[in-house]
Amino acid sequence: MPLSFDSALGIHAKALQVRGKRTQILASNIANADTPGFKARDIDYRAVLSHAGTDRRVGMRGTDERHIVSGNDIPAASLLYRVPLHPSLDGNTVDGQMEKAAFAENALRYQASLTFLDRKFKGLIGALKGE
């Protein structure tokens, strides 16, 4: 019986990918906290993961090492604008404290996903060794 990493790792691999992308978006929000007119964005994490098992889109395939193929298969519809609690007069919607809190929470959850994957791999290695 062939081993399928998708079935063996479950949703954790996709969760790690989404958390990584969210880290980039939150870091961009924090970096642009003083940029006039910048609109804070975030990922609808639950919507992305709810479609993780059912999303059967055909993606691009690189046939040469010089091809640029994006590994970002997060739907654009899940990237939303954040509704500001206190919008600034210059049109910037970034709340620095809220973004930093979201970044810290996301980093913690990213680490948890790494821990889950580590345990899955250790379990697979143990099973292959017959332990």
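The values are calculated or read from the model by the stated rules, or taken from the named source; none is laboratory data. Since we're looking at a predicted model, the values are computed, not measured. Note that we place each Cβ from the backbone using ideal geometry, even for glycine, and neighbour counts take in every protein chain shown. Just so you know, the surface numbers come from the protein's heavy atoms only, side chains and all, with ligands and any DNA or RNA stripped out. Shrake-Rupley method; radii C 1.70, N 1.55, O 1.52, S 1.80 Å.
Considering S4, S78, S70, the condition of being among the polar types (S, T, N, Q), at pLDDT below 80 and crowded, with 17+ Cβ neighbours inside 10 Å is satisfied by S78 alone. Listed by first and then second residue, the pairs linking a residue in segment 21-42 that is within 18 Å of N106 (Cα to Cα) and in contact (Cβ under 8 Å) with a residue 40 or more places away in the chain to a residue that is in a loop (DSSP other than H, G, I, E, B) and basic (K, R), with Cβ atoms under 6 Å apart and 6 or more places separating them unless they lie on different chains, are A40/R82; D42/R82. Looking for something under 30 Å from A127 (Cα atoms) and at pLDDT below 95 - is there at least one such residue anywhere in segment 34-49? Yes - at least one qualifying residue is present in segment 34-49. If the condition is being in contact (Cβ under 8 Å) with a residue 60 or more places away in the chain and either of a type in the set (S, T, N, Q) or not in a helix (DSSP H, G or I) (or both), then segment 100-131 contributes N106, S113.
Considering only segment 104-131, state which residues are open to solvent by 70 Å² or more (accessible area, probe 1.4 Å) and closer than 17 Å to Y45 by Cβ. Passing the criteria: E105, L108, R109, Y110, Q111, F116. Of everything in segment 82-112 that is over 17 Å from D34 (Cβ atoms) and modelled with pLDDT under 90, the residue that is nearest to the chain's Cα centre (by Cα) is V83.
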